[in-house]
Amino acid sequence: MIIKVLGTGCKKSKVLEENINLAIDEAGVAAIVEKVEDGKEIEKYAVDCTPAVVIDQNVVSAGKQLTAEEIKKLF
């Protein structure tokens with residue numbers, strides 16, 4: 001599974017990335033986490049606001065700072 005965090009490097013996107021890593025550890029799933037900060041690359045996903053989460057090329061959340069528990073439900 002490939003999980004991308006779309007964000008400009010703000011505190012919200014950093015906390016979201018931490019929560020994703022925590023969720024991966026707690027769930028025991030195999031995943032690669034990538035951070036996407038380039039505006040042009042973020043635009044390709046057509047999200048209205050960041051931070052956003054993309055799992056295997058599908059946008060599953062945008063504009064929310066999800067908790068680890070919320071993220072685990074997306075796996």
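Here are the numbers:
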item	result
Counted residues, the range 1-37 - those being of a type outside the set (D, E, K, R) and assigned to a helix (DSSP H, G or I)	10
Qualifying residue in the range 38-55 (condition: in a helix (DSSP H, G or I) and either surrounded by 11 or more Cβ atoms within 10 Å (Cβ to Cβ) or hydroxyl-bearing (Ser, Thr, Tyr) (or both))	yes
Pairs where the first residue, in the range 12-34, is in contact (Cβ under 8 Å) with a residue 40 or more places away in the chain and the second is open to solvent by 50 Å² or more (accessible area, probe 1.4 Å) and part of a helix (DSSP H, G or I), C-beta under 8 Å, 6+ apart	Ala23/Glu69; Ala23/Lys72; Glu26/Lys72; Ala27/Lys72
Search result, residues across the range 58-69 that are under 15 Å from Val29 (Cβ atoms) and exposed (fewer than 15 other Cβ atoms within 10 Å of the Cβ)	Glu69
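The values are calculated or read from the model by the stated rules, or taken from the named source; none is laboratory data. Since we're looking at a predicted model, the values are computed, not measured. In this analysis, Cβ positions are derived from the backbone assuming ideal geometry, glycine residues included, and neighbour counts consider all displayed protein chains. When the accessible area is computed, the model is the full protein with side chains, heavy atoms only, and any ligands, DNA or RNA have been set aside. Shrake-Rupley method; radii C 1.70, N 1.55, O 1.52, S 1.80 Å.
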